[in-house]
Amino acid sequence: NAGVMQNPRHLVRRRGQEARLRCSPMKGHSHVYWYRQLPEEGLKFMVYLQKENIIDESGMPKERFSAEFPKEGPSILRIQQVVRGDSAAYFCASSRTQGDEQFFGPGTRLTVL
Amino acid sequence: SQQGEEDPQALSIQEGENATMNCSYKTSINNLQWYRQNSGRGLVHLILIRSNEREKHSGRLRVTLDTSKKSSSLLITASRAADTASYFCATDGANAGKSTFGDGTTLTVKP
């Protein structure tokens, strides 16, 4: 039973490019959460999605960031026109139901040059 | 200060000693979870304790929850060098899906 999968594991982008981060939840999980972690800090919530719906995006920056979780396929976190401050580790988690245990993926480490 | 604050920020002990980390939070919660993160790696889920529970055990780990004080503690007994990592608590509010993390306690266990 595969865990939460994220790809790519490492992503390097130049300022102004787009970054696409993918997350495949655990089998049977329909709830997905994205978090961002800056060095030496804890994880900061970004967005919570259920299939085809954004449930809570209170942690998402208003501009350049978007997320989706289509009916088929992985959840995508998209960052347009990246800036150096976007460099961080982005973690995805999934759960079977709301309020249930969240299982985390290995993360995508984004470096913006 | 933010929801889910760990204390101390850093802890250094000798192998075999016990390590205790504390977490305080501000608002009512549905459950509280403890995670471990090795340097540069993903998070490993340790224990989930629900708001109606007071104590849970898992191997060498013991977690307590005091909702009246809005605090939790993680005790690692008979520590090993492999326990060296950062430990985070995360709270889930009632009817909320997201987890709110603190900045973690960095534990160093010296062999």
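Conditions (1) in contact with a Phe, Trp or Tyr (Cβ under 9 Å, 6 or more places away or on another chain); (2) crowded, with 18+ Cβ neighbours inside 10 Å; (3) at pLDDT 95 or above, marked per residue:
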{"site": "A:Val12", "(1), (2), (3)": "no, no, yes"}
{"site": "A:Arg22", "(1), (2), (3)": "no, no, yes"}
{"site": "A:Lys27", "(1), (2), (3)": "no, no, no"}
{"site": "A:Gln37", "(1), (2), (3)": "yes, yes, no"}
{"site": "A:Ile55", "(1), (2), (3)": "yes, no, no"}
{"site": "A:Pro61", "(1), (2), (3)": "no, no, no"}
{"site": "A:Arg64", "(1), (2), (3)": "no, no, yes"}
{"site": "A:Ala67", "(1), (2), (3)": "yes, yes, yes"}
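So, in region B:1-45, of the ones that are free of Cβ contacts under 8 Å to residues at least 40 places away in the same chain and in a strand (DSSP E or B), which residue ends up least open to solvent (accessible area, probe 1.4 Å)?
Start the filter on region B:1-45 by keeping residues that are free of Cβ contacts under 8 Å to residues at least 40 places away in the same chain, which leaves B:1, B:40-42, B:44-45.
Next, from what is left, pick out any that are in a strand (DSSP E or B): B:44-45.
Details: B:Val44: 61, B:His45: 42 Å².
Top of the filtered list is B:His45.
Would you check if there is a residue in region B:69-88 being at pLDDT below 90, at the interface with chain A (Cβ under 9 Å from one of its Cβ atoms) and open to solvent by less than 20 Å² (accessible area, probe 1.4 Å)? Let's see the steps before the verdict.
Residues of region B:69-88 that are at pLDDT below 90, as a first pass: none.
Scanning region B:69-88 turns up no residue that is at pLDDT below 90, at the interface with chain A (Cβ under 9 Å from one of its Cβ atoms) and open to solvent by less than 20 Å² (accessible area, probe 1.4 Å).
Where the second residue is open to solvent by 20 Å² or more (accessible area, probe 1.4 Å) and of a type in the set (Asp, Glu) and the first is under 15 Å from A:Asp56 (Cβ atoms) and modelled with pLDDT under 85 and lies in region B:93-111, which pairs have Cβ atoms under 9 Å and are six or more apart or on separate chains?
Pairs found: B:Ala96/A:Asp56; B:Gly97/A:Asp56; B:Lys98/A:Asp56.
Is there a residue being touching a residue at least 60 places away in the same chain (Cβ under 8 Å) and open to solvent by less than 10 Å² (accessible area, probe 1.4 Å) anywhere in region A:71-83?
Within region A:71-83, one or more residues are touching a residue at least 60 places away in the same chain (Cβ under 8 Å) and open to solvent by less than 10 Å² (accessible area, probe 1.4 Å).
Mind checking which residues of region A:84-104 are surrounded by 21 or more Cβ atoms within 10 Å (Cβ to Cβ) and assigned to a loop (DSSP other than H, G, I, E, B)?
Hit for region A:84-104 is A:Gln102, nothing else.
Within region A:10-38, track down each residue that is closer than 27 Å to A:Gly99 by Cα and part of a loop (DSSP other than H, G, I, E, B).
Passing the criteria: A:Pro25, A:Met26, A:Lys27, A:Gly28, A:His29, A:Ser30, A:Leu38.
The values are calculated or read from the model by the stated rules, or taken from the named source; none is laboratory data. In this text the structure is predicted, and so the values were computed from the model without any measurement. Reconstructed Cβ throughout: ideal geometry from the backbone, glycine too, with neighbour counts over all protein chains shown. Heads up: the accessible areas ignore ligands, DNA and RNA and are worked out on the full protein's heavy atoms, side chains in. Shrake-Rupley method; radii C 1.70, N 1.55, O 1.52, S 1.80 Å.
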